[in-house]
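These notes concern the structure reproduced below.
The values are calculated or read from the model by the stated rules, or taken from the named source; none is laboratory data. Because the structure is a prediction, the values reported are computed rather than measured. As a convention, Cβ positions derive from the backbone with ideal geometry for all residues, glycine included, and neighbour counts pool all protein chains shown. Note: accessible area is taken over every heavy atom of the protein model, side chains too, but ligands, DNA and RNA are not part of it. Shrake-Rupley method; radii C 1.70, N 1.55, O 1.52, S 1.80 Å.
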Amino acid sequence: MFAVVRTGGKQYRVAAGDKIVVEKLDGDAGASITLSDVLLAGEGSELKSVDGLTVAAEIIAQAKGEKVIVFKKRRRHNYRRKNGHRQNHTILKIVSIGAQA
């Protein structure tokens, strides 16, 4: 069975046992969380109702993404700015897809 969930402004297609990297969520490694914003669910080619459906996940780790360099320059104006950014991520392992408990 698969589901499409929305978290952090993005949508992810998940199934039991999958590992996904999402925007930072609160919680420590080993904690369980519930993703209740399920947009679509199905098995094979048939779709199922998403009323009361939730996705149970376990936090594997809190991590940081790769560094992104932001460089701005205006030619002939002696204007240069260099900045770096590392986004915070949460790595989730999908435990199960099922009805709300």
query: Can you pull out the residues in region 35-67 that are closer than 30 Å to Gly84 by Cα and open to solvent by 80 Å² or more (accessible area, probe 1.4 Å)?
result: Lys64, Glu66, Lys67
message: If I filter region 71-101 down to residues being open to solvent by less than 70 Å² (accessible area, probe 1.4 Å) and β-branched (Val, Ile, Thr), which single residue comes out as farthest from Phe2 (Cα to Cα)?
response: Thr90
field: Failed criterion for Ser32 (all others in (1) loosely packed, with under 12 Cβ neighbours inside 10 Å; (2) within 14 Å of Ala61 (Cβ to Cβ) hold)
entry: (2)
